[in-house]
Structure formats: structure tokens, C-alpha cells
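As C-alpha cells, the structure follows; a few thoughts come after it.
The values are calculated or read from the model by the stated rules, or taken from the named source; none is laboratory data. Predicted, not measured: the structure shown is a model, and the values here were computed from it. No Cβ is skipped: glycine too gets one built from the backbone with ideal geometry, and neighbour counts run over all protein chains shown. Areas reflect the complete protein model, heavy atoms only, side chains present, ligands, DNA and RNA absent. Shrake-Rupley method; radii C 1.70, N 1.55, O 1.52, S 1.80 Å.
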Amino acid sequence: MKNFMAVYTGSETNHQAWTELSEEARNARVAEGMKAWQDWGAKYADRIVYQGGPLGKTKRIGKDGVSDIKNNLAAFNVVRAESHEEAARMFEDHPHFTLFPGESVEVMPELPIPGA
């Protein structure tokens, strides 16, 4: 089995639609979404290496120093699977984008460190 990082993405557009829902509708969606997310976590409990979590504001550090930036990264976790395809299929119909205002989940393999 190999490790794969899953990065949850979202955008201002999707978040805007979420904030336009009534408070009652948002609360109902949150309750349904959290239950679905917990069910997803239970289904793949033996494959979740690191639960990760939501991501906050981003700072970029480069040759020009430190700056505040915006990106579409919303959360992450690390999972184990036999293949990249299998890891990706774990996130089909995930509540991040079916119930919450997220856009997608991007899955990438953890590669070995060169020369290690």
C-alpha cells in the first residue's frame, strides 16, 4: 500500500452560494454533511493515515520574502491505497462537494525522497 495526499479545494464562488442559503438551510446541510463525513471516515478508517483538517490563511515564502496570498486549498488528509486510482475512488461522491460548498478533492501519491 502507498500513501496519497488528498487536498480538498473550494472557491469564493461556491462559498458565496453557501452564504446565500438561509441559516436554517445551512444548519440542516451542516448536520447532514457532518454525518456523511463521519460515515465516510468510518468506511475508510483503516485507510486514513492522517486525518488532517481544515486549512487557514496562507503565507507564501520566496526569494522576495513573505506575503499573504489566497488559494483554493481548504483541507487535507493522507490515505493509503494500492493504487492512485483506488485512492481517487475513495473520494467519489464525497460530502465535501456533494453537501458542503467544496469544489473537488485532488489526490496525489507521496513519492520517495530522491537519494534517501
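Scanning region 1-33 for residues that are in a helix (DSSP H, G or I) and within 14 Å of the chain's Cα centre (by Cα) yields a count of 1.
Consider region 80-112 and keep the residues that are small (Gly, Ala, Ser) and touching a Lys or Arg at 6+ places or on another chain (Cβ under 9 Å). The one that is most open to solvent (accessible area, probe 1.4 Å) is Ser83. I need a count of the residues in region 1-45 that are touching a Gly at 6+ places or on another chain (Cβ under 6 Å) and over 28 Å from His84 (Cβ atoms). Number of matching residues: 0. In region 19-28, the residue that is nearest to His96 (Cα to Cα) out of those that are open to solvent by less than 80 Å² (accessible area, probe 1.4 Å) and not small (Gly, Ala, Ser) is Arg26.
Considering (1) outside any loop (DSSP other than H, G, I, E, B); (2) hydrophobic (A, V, I, L, M, F, W, C); (3) out of contact with any strand residue (DSSP E or B) (no Cβ under 7 Å at 6 or more places or on another chain), the lone condition that Ala116 does not fulfil carries the number (1).
Listed by first and then second residue, the pairs with beta-carbon distance under 7 Å, at least 6 apart or on different chains, first residue in region 1-17 and closer than 13 Å to Phe91 by Cα, second open to solvent by less than 20 Å² (accessible area, probe 1.4 Å) and in a loop (DSSP other than H, G, I, E, B), are Ala6/Phe91; Tyr8/Gly102; Thr9/Gly102. Candidates Arg26, Arg60: the one that is touching a Phe, Trp or Tyr at 6+ places or on another chain (Cβ under 8 Å) and either farther than 14 Å from Met5 by Cβ or touching a residue at least 40 places away in the same chain (Cβ under 8 Å) (or both) is Arg26.
Residues checked against (1) in contact with a Pro (Cβ under 6 Å, 6 or more places away or on another chain); (2) open to solvent by 100 Å² or more (accessible area, probe 1.4 Å); (3) farther than 15 Å from Glu106 by Cα; (4) in a loop (DSSP other than H, G, I, E, B):
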| site | (1), (2), (3), (4) |
| --- | --- |
| Asp39 | no, no, yes, no |
| Ala42 | no, no, yes, no |
| Ala45 | no, no, yes, yes |
| Val49 | no, no, yes, no |
| Gly52 | no, no, no, no |
| Gly56 | no, no, yes, yes |
| Ile61 | no, yes, yes, no |
| Val78 | no, no, no, no |
